[in-house]
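We did not get these values from a lab; they are worked out from the coordinates using the rules stated. In this text, all values refer to a predicted model and were calculated from it rather than measured experimentally. Cβ placement follows ideal geometry from the backbone for every residue including glycine, while neighbour counts extend to all protein chains displayed.
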Amino acid sequence: MSNRTIKPFIWLAAAGLFSTSAQAATVAAGVNWEAVDLGASGETSQFTVTVEADGNDWLYTWTKTGDLDGLGTSNDTLTFKLRSAAFTGSSYSSETGAVTLGTAFDYSVGDTVTTPTDQHFGPAYDLDNNQSFQLSIEEIVFTQGEDLGWAATFDGFSAISRYIGQDDETFYFGTIGAEVVTTPATESVADIPFSGPVQVLTVTATDNNNRFRDLDFSFTVAVPEPGSYALLAGFTGMALVMLRRRN
């Protein structure tokens, strides 16, 4: 076979790999989600959600099965865990711009509380002065029905709302290099304007009686980009070696 016959085959194969890697689908997970939302409610975009105490924290397990990759041929399953932690006695340093989290709050209250009892995040399900809550995602598992090697990645926490606060309120979002966010003196602020999405959502208050809920976050399922490029490089390199040897 001549070089002119083989080279078009190489470029067609490469184009096919790039086309596959461009496919992706967004899976909305938390949509106005609240700490007490369990089961398979519409607020969780038809995820099944369970919760258990894990140390001082609440650990939620989320599972959804369906056509998550948008290919429409076989059902897929996405499972992940959302950790909700809370702290008292947190502090902010204006010199370093960092929040130091305080003492971990025990959500389960000595194992006497077996599930969250309120829709809000934070100690006693609100956020008072120098208190914090922190939300994070772990143990992401995506099983693709088509078995094409797609994976799921967390897009980040993109929105949350605040209720009850009576005055202009200042909050710190994050820990190292915390973002200072001030909300107006209204009873509710939908979608607090913090710089998101963020992989870990940490909020610290400077005043009392703030209630946070209506959390939004999502995942992307797609061909893992680094793997696709590595496969392309390996295939192309092997093909070029074959060309040289045939000559």
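Add +1 for every Lys or Arg and -1 for every Asp or Glu among the other residues with Cβ under 14 Å from the Cβ of D57, and state the total.
Summing Lys and Arg as +1 and Asp and Glu as -1 gives -4.
Rounded, prolate or oblate, given the Cα gyration tensor of segment 137-195, with a/c below 1.5 counting as rounded?
prolate
About the Cα centre, and with charges only on the beta carbon of Lys, Arg (+1) and Asp, Glu (-1), how big is the dipole of segment 109-226? Nearest 20 debye, please.
It works out to roughly 100 debye.
May I ask you to compute the full-extension gain from N209 to S195, defined as 0.36 nm times their residue separation minus their alpha-carbon distance, rounded to one decimal in nm?
Between N209 and S195, full extension yields 2.7 nm more.
Note down the net charge around P123, summing +1 for each Lys or Arg and -1 for each Asp or Glu among other residues with Cβ under 13 Å from its Cβ.
-4
Once the other residues with Cβ under 12 Å from the Cβ of K81 are scored (Lys, Arg +1; Asp, Glu -1), what is the net sum?
Overall, the nearby charge balance is -4.
How would you classify segment 39-158 from its alpha-carbon gyration tensor, with a ≥ b ≥ c the square roots of the eigenvalues: rounded for a/c under 1.5, else prolate if a/b is greater than b/c, otherwise oblate?
Prolate shape, in that a/c is at least 1.5 and a/b is the bigger ratio.
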